[in-house]
Amino acid sequence: MSITPEQPIVPRIKYNAIRSVLMKGYHIDKRPLTEYRPIEIRVGVVPNAEGSALARIGNTQVLAGVKLELGSPYPDTPNEGVLIVNAEFLPAASPTFEPGPPDENAIELARVIDRSLREPRVIALDKLAIIPGKKVWVVWLDIYVMDHDGNLLDASMLAAMAALASTKIPKYEVVDPASGEIRVDKKTRVEPLPVNRFVATVTVNKICDFLVIDPTLEEELVASARLAISVSEDGFIVGMQKMGMGFFTEDEVKKSIDLALDRAKLLIDSIKKAVSAQQ
Amino acid sequence: MVSVKEKPPLIVDGKRIDGRRPDELRPIRIELGVLKNADGSALVEYGNTKVLAAVYGPREVLPKHIAMTDRAVIRCRYRMLSFSAEERKSPAPSRREIELSKVIREALEPAVMTELYPRTTIDIFIEVLNADGGTRTAGVTAAALALADAGIPMRDLVAGVAVGKVDGVLVLDINEIEDMYGEADMPVAAMPGLNKITLLQLNGVLTPEEFRQALSMALMGIRKIYELQKEALRKKYASTTEE
């Protein structure tokens, strides 16, 4: 059951202060409204994972890791690998996060990222079949929110995309195609995970009728609604999700799309830079 | 075992697989007050998609600690009955149902005047009886009607519909086959009288121009459904007021 979440208590004086700064066209940390905080992406931070990345947007930190396992394909896509996305909000990340199984927010985040990767075929799953119909690579993408200072979705997508793009498939050989026996040398990683195109997610926040990109946690707490827009490097809209208890007008949605199309370029550039720096 | 099915042609001579034009809704049927115990209820059908919504409240919140001092909480559960789809659905809540319960609650929150009923709860149960595409949007339409049927003050009704892209063509109110084999599925819900979009998701790939067209197509469909909602409410309640 989804329950109206407890509203954070924001003193009127703070709300008014945020609003008066936004009215001047700035975030409370003096950035223009559509500017991101400093972005930092480091790939390969977890050597035991086949791919990993730590993404920071300001003080927000998200760690994503990829593990590859041999498994069976889905019956309706016998010649394709399998992608499974999970997300967890670590209790270490915020005093408001509790230990336990993922709540609706973590599930929603994982599913939005899953769709934004799956629909534009970011990973070439068709190249991940080893013995078609029998054995394929299962790509486990796990996202852990480490520190929460707003804009978790954009940071999660940065980490997820960078982790996938830096994933290396271990060396393997098919011992017996009939029985499906495959020998994998987990220590030796050879070819990169085939990636078709890069995507990024830009979340547009509606705060006191302003459209704001990359809010800090303080700002995010007073946002009435959020619209996450995933954009591919070739300019397609590949996923969208309205979140929060407020609404958007048709005009606000159109403006948000334009903002997202523009801002995604910067995000995709920083992912590419981080991935190529490792190679 | 599931057999691999071939994708059928989805658009033939400008007509869709079920014979509709691209911008045509399925036949919509609305029935109000279908449950005796619930404070409000509605059964909504978009073609073969059949969704029941029941509303209880405003009523006492249990456990008490989730109550809010300045407004009612809304609790919402979207659920598919085990036999509602082609494959049996396990009755355990799936990740999809958890997400959709949240998305639907957030689609209704802006409409309900919760500030009138502090320290209470308004419970919304959405049960998908038969799934043929567009169950979440039919669920929103049904839930808004059930809320109105329960006499809960609202700023406007909320109606929803999904737009899809199949074989390169944008189509309104997609069914299961169009969703399964199509290129995009975009559920939208709005308060048509106030021009406020309260639910917007996109699962698929669209160009920015296609998106703009899809959005206006969805809003056009929503306004038609809105008229049917009002008609159903008038039919049940207008005669009562004339007494």
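The values are calculated or read from the model by the stated rules, or taken from the named source; none is laboratory data. Keep in mind that what you see is a predicted model, and the values were worked out from it rather than measured. Glycine gets a Cβ as well: all are built from the backbone with ideal geometry, and neighbour counts include every protein chain shown.
Summary of computed values
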item: First in region B:183-209 and free of Cβ contacts under 8 Å to residues at least 24 places away in the same chain and within 16 Å of A:Glu252 (Cβ to Cβ), second anywhere and surrounded by fewer than 21 Cβ atoms within 10 Å (Cβ to Cβ) and not hydrophobic (A, V, I, L, M, F, W, C), Cβ under 7 Å, 6 or more apart; result: B:Asn195/A:Thr249; B:Asn195/A:Glu250; B:Ile197/A:Thr249; B:Ile197/A:Glu250
item: Residue count, region B:118-139 (criterion: away from chain A (no Cβ under 12 Å) and either in contact (Cβ under 8 Å) with a residue 60 or more places away in the chain or crowded, with 18+ Cβ neighbours inside 10 Å (or both)); result: 13
item: In region A:98-110, the residues that are within 9 Å of chain B (Cβ to nearest Cβ) and either of a type in the set (Asp, Glu) or surrounded by fewer than 20 Cβ atoms within 10 Å (Cβ to Cβ) (or both); result: A:Pro102, A:Asp103, A:Glu104, A:Asn105, A:Glu108
item: Complete set of residues in region A:231-242 that are surrounded by fewer than 23 Cβ atoms within 10 Å (Cβ to Cβ) and either within 7 Å of chain B (Cβ to nearest Cβ) or within 24 Å of B:Met191 (Cβ to Cβ) (or both); result: A:Phe236
item: Among the residues listed as A:Ala223, A:Ala228, the single one being in contact (Cβ under 8 Å) with a residue 60 or more places away in the chain, surrounded by 16 or more Cβ atoms within 10 Å (Cβ to Cβ) and either touching a Leu at 6+ places or on another chain (Cβ under 9 Å) or closer than 23 Å to A:Glu104 by Cβ (or both); result: A:Ala228
item: Filter result (closer than 21 Å to A:Ile113 by Cα and of a type in the set (A, V, I, L, M, F, W, C)) within region A:242-271; result: A:Met243, A:Met245, A:Val253, A:Ile257, A:Leu259, A:Ala260, A:Leu261, A:Ala264, A:Leu266, A:Leu267, A:Ile268, A:Ile271
item: Test: residue in region A:43-55 that is within 14 Å of chain B (Cβ to nearest Cβ) and surrounded by fewer than 17 Cβ atoms within 10 Å (Cβ to Cβ); result: no
item: Residue satisfying condition, being of a type outside the set (D, E, K, R) and part of a loop (DSSP other than H, G, I, E, B), within set A:Val222, A:Val184, A:Val204; result: A:Val222
item: Residue identified as within 21 Å of B:Thr135 (Cβ to Cβ), hydrophobic (A, V, I, L, M, F, W, C) and free of Cβ contacts under 8 Å to residues at least 24 places away in the same chain among B:Val51, B:Val34, B:Val12; result: B:Val34
item: Residue match in region A:2-9 (condition: in a loop (DSSP other than H, G, I, E, B), exposed (fewer than 13 other Cβ atoms within 10 Å of the Cβ) and among the aliphatic types (A, V, I, L, M)); result: yes
item: Out of A:Ala129, A:Ala155, A:Ala110, A:Ala165, sole residue that is under 19 Å from A:Val66 (Cβ atoms) and in contact with a Leu (Cβ under 8 Å, 6 or more places away or on another chain); result: A:Ala165
item: Among the candidates B:Arg96, B:Arg71, residue that is surrounded by fewer than 16 Cβ atoms within 10 Å (Cβ to Cβ) and either facing chain A (nearest Cβ under 8 Å) or in contact with a helix residue (DSSP H, G or I) (Cβ under 7 Å, 6 or more places away or on another chain) (or both); result: B:Arg96
item: Of residues in region A:238-269 being assigned to a strand (DSSP E or B) and more than 15 Å from the chain's Cα centre (by Cα), the one nearest to B:Gly204 (Cα to Cα); result: A:Lys242
item: A:Ile28 vs. criteria in contact (Cβ under 8 Å) with a residue 40 or more places away in the chain and under 13 Å from the mean Cα position of the chain (by Cα); result: no
item: Filtered residue count, region A:116-126, keeping only those that are out of contact with any Leu (no Cβ under 9 Å at 6 or more places or on another chain), more than 12 Å from every other protein chain (Cβ to nearest Cβ) and not acidic (Asp, Glu); result: 0
item: Filtered residues of region B:59-68 (kept if more than 10 Å from chain A (Cβ to nearest Cβ) and in contact (Cβ under 8 Å) with a residue 60 or more places away in the chain); result: B:Arg59, B:Glu60
item: From the options B:Tyr78, B:Tyr56, residue that is within 13 Å of chain A (Cβ to nearest Cβ), touching a Leu at 6+ places or on another chain (Cβ under 6 Å) and in contact (Cβ under 8 Å) with a residue 12 or more places away in the chain; result: B:Tyr78
item: Hey, B:Leu228 of a type outside the set (S, T, N, Q) and free of Cβ contacts under 8 Å to residues at least 24 places away in the same chain or not; result: no
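Residue by residue, here is whether (1) more than 30 Å from B:Ile126 (Cα to Cα); (2) charged (D, E, K, R); (3) at pLDDT 95 or above holds:
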{"site": "A:Ser2", "(1), (2), (3)": "no, no, yes"}
{"site": "A:Val10", "(1), (2), (3)": "yes, no, no"}
{"site": "A:Lys14", "(1), (2), (3)": "yes, yes, no"}
{"site": "A:Arg31", "(1), (2), (3)": "yes, yes, yes"}
{"site": "A:Tyr36", "(1), (2), (3)": "yes, no, yes"}
{"site": "A:Val46", "(1), (2), (3)": "yes, no, yes"}
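Here's the yes/no breakdown for (1) β-branched (Val, Ile, Thr); (2) outside any strand (DSSP E or B):
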| site | (1), (2) |
| --- | --- |
| B:Arg59 | no, no |
| B:Asp70 | no, yes |
| B:Ser84 | no, yes |
| B:Ile98 | yes, yes |
| B:Lys102 | no, yes |
| B:Ile124 | yes, no |
